[in-house]
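Undergrad: First the structure, which I've put down as structure tokens, then a few questions once you've had a look.
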Amino acid sequence: MLPSKLPEVGTTIFSQMSALAATHQALNLSQGFPDFPAPEALRQALAKHALEGHNQYAPMAGLPELRDAIARQLARHRNISCNPDTEITVLPGATEAIYCAITACVMPGDEVILLDPCYDSYRPAVLLAGGHPVHVPLSAGDFTPDWGRIEAAISARTTLLVINSPHNPTGAVLTHEDLTILSALVVKHGLLVVSDEVYEYLVYDNHRHHSALQFEALRAATFAVFSFGKTYGVTGWKTGYCVAPPALTAELRKIHQYVCFVAVTPVQQALTDFMAAEPDYPLTLAALYQHKRDLFNSALAHSRFQLRPSAGSYFQLLDYSDISTAADTQLCTQWTREFGVASIPVSVFHQQPPTQNLLRFCFAKRDNVLEQAAEQLCRI
Ligand code: PMP
Ligand code: GLN
């Protein structure tokens, strides 16, 4: 028998719930992906580049034209200047970027602080690097970080802290003050940071996205990770990028070149064309998704669920405390079968089982799907 390097791990909850939704022909609000098409010009650009024969390896760090386009976008939307040759790397998805960044930072025995609930790929990446994940809970009510508690968890072995804003699965958004405090902690304790910002453009109401790259001291210690899949609605294209200072980027690339070597060439060309033609397309997303969140939530107003505020991401948490005391893992399966709507149980994002009764619903879906899902959820 082959001993497992990840004995605690099974198939991800996203794969499980999407498969269950398909089996029961349920509306799939579980896995995070849009069910509506990406911009036609972007899809046509991919077809064009594939047909024109751009189908061989790209440069390892990503197409220079795409890295230039990323640098221009960071300058235009965030007032961040960075060198595309030494600070930007294009990878096949944010997941690989996170894996390579964590692998680059963590030596066997190092401790890594993860804030629970947290995205499912962080812990396995730390474990595979021989590190020890130290899980610190976010505040139970609003999922804000308790910086005092986080600092208390830092030891002489702590090398890395992972943050995620806007946050999956809660939709919470870190404030300017949060990142200011984090900057001070990072300097004081000599930490590195992986900042997962894949939902950077999906921020609602009066909230704003603050990138770790906008804080000088923080930026010097940060791998910031982004996903074209989220921003351009093409999760299946599996393309993302990492922005980090030159010394960190050099280590990240050493690993990336042996994990995947390169991202897909015609996808990178299509993204380059679309970013040049529609530089402000990402700024249209907040209004689109806020409309979807509000549509879903208002249709649930008379349900027995309590809505949790979602300031960002494309996820809405529903609290079912008034309906059932059963485990979220049981209810999401049962309600997929009985009421035809698939969701994700929030407990799977926790190391210590939470006291809250929460299910995560993805509202990156067509309006009629959201209305139909809400109608079915109102029957519970
Ligand atoms: N981080 C978070 C918080 C996510 O929700 C996801 C899922 N899309 C990823 C990273 C991975 O993104 P990608 O599909 O580009 O690998
Ligand atoms: N990030 C997506 C989610 O949270 C899923 C990605 C995946 O299936 N690994 O739903």
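Undergrad: Step through the residues of the range 359-374 one at a time and calculate ³J(HN,Hα) from phi using the Karplus curve (6.51 cos²θ - 1.76 cosθ + 1.60, θ = phi - 60°), rounding each to whole Hz and writing x for Gly and Pro.
TA: 10, 9, 10, 8, 9, 7, 10, 4, 4, 5, 5, 5, 5, 5, 4, 5
Undergrad: For the range 99-221, what is the percent of antiparallel DSSP beta bridges, rounded to the nearest 5?
TA: Around 0 percent of the beta bridges assigned by DSSP in the range 99-221 are antiparallel ones.
Undergrad: Taking only C-alpha pairs under 8 Å that are 6+ residues apart, what is the relative contact order of the range 153-305 in percent?
TA: Averaging sequence separation for qualifying contacts and normalising by length gives 19 percent for the range 153-305.
Undergrad: Another question, then. Could I have the simple spin-label model distance between GLU278 and GLN56, label points 7 Å from Cα toward Cβ, reported in nm to one decimal?
TA: 3.1 nm
Undergrad: List the longest stretch of the chain that has no exposed loop site; here a site is one of the GluC sites (Glu not before Pro) assigned by DSSP to anything other than H, G, I, E or B, with at most 11 other Cβ within 10 Å.
TA: It works out to 53-380.
Undergrad: Starting from the Cα of THR355, step 7 Å along the direction of its Cβ; do the same at ASP367; then give the gap between the two resulting points in nm.
TA: 4.1 nm
Undergrad: To continue, here is another question. So how do 13-19, 157-163 stack up, highest first, on mean other-Cβ count within 10 Å?
TA: 157-163, 13-19
Undergrad: Accessible area, 1.4 Å probe, largest first: how do ARG43, ARG76 sort?
TA: Output order, biggest surface exposure first: ARG76, ARG43.
Undergrad: Set the Förster radius R0 to 22 Å, insert the Cβ-Cβ distance between GLN214 and THR12 as r into 1/(1 + (r/R0)^6), and round the FRET efficiency to 0.05.
TA: After rounding, the FRET efficiency stands at 0.10.
Undergrad: What number do you get for the range 1-114 when its Cα radius of gyration is normalised by 2.2 N^0.38 Å, N = residues?
TA: With N residues counted in the range 1-114, Rg over 2.2 N^0.38 Å equals 1.47.
Undergrad: Relative contact order for the range 282-338 using alpha-carbon pairs under 8 Å, separation at least 6, rounded to a whole percent?
TA: 23 percent
Undergrad: 222 nm [θ] for the chain, helices only, -39500 (n - 2.57) per DSSP H run of 4+, per residue, to 500?
TA: -12000 deg cm²/dmol
Undergrad: On to the next question. If you stretched the chain out fully between MET1 and ALA156, how much longer would it get, using 0.36 nm times the residue separation minus the C-alpha to C-alpha distance?
TA: Gain on extension, MET1 to ALA156, equals 52.1 nm.
Undergrad: Right, next: Under a crude label model (7 Å from the Cα following the beta-carbon direction), how far is ALA75 from SER298 in nanometres?
TA: 4.1 nm
Undergrad: How big, on average over all directions, is the shadow cast by the Cα convex hull of the chain, in nm²?
TA: With every direction weighted equally, the projected area is 18.9 nm².
Undergrad: Could I ask something else about it? Within the accessible area of the range 1-46, what % is carbon and sulfur when the probe is 1.4 Å and the other protein chains stay in place?
TA: Its accessible area is 58 percent carbon and sulfur atoms.
Undergrad: I'd like the distance separating the alpha-carbon centroids of the range 1-69 and the range 228-304, in whole Å.
TA: 11 Å
Undergrad: Could you check what % of the DSSP bridge pairs in the chain are antiparallel, to the nearest 5?
TA: Taking every DSSP beta bridge within the chain, about 45 percent pair in antiparallel fashion.
Undergrad: Please compute the length gained on full extension between ALA47 and GLN306, using 0.36 nm multiplied by the number of residues separating them and subtracting their Cα-Cα distance.
TA: Extra length available between ALA47 and GLN306 comes to 88.8 nm.
Undergrad: Next question, about the same structure. Determine, from the Cβ-Cβ distance of THR325 and ASP142 and an R0 of 25 Å, the FRET efficiency 1/(1 + (r/R0)^6), rounded to the nearest 0.05.
TA: 0.65
The values are calculated or read from the model by the stated rules, or taken from the named source; none is laboratory data. Predicted model, so just to flag it, every value in this text is computed and none were measured. All Cβ positions, glycine included, derive from the backbone under ideal geometry; neighbour counts span all protein chains shown. In case anyone asks, the SASA skips ligands and DNA or RNA and just uses the protein heavy atoms, side chains included. Shrake-Rupley method; radii C 1.70, N 1.55, O 1.52, S 1.80 Å.
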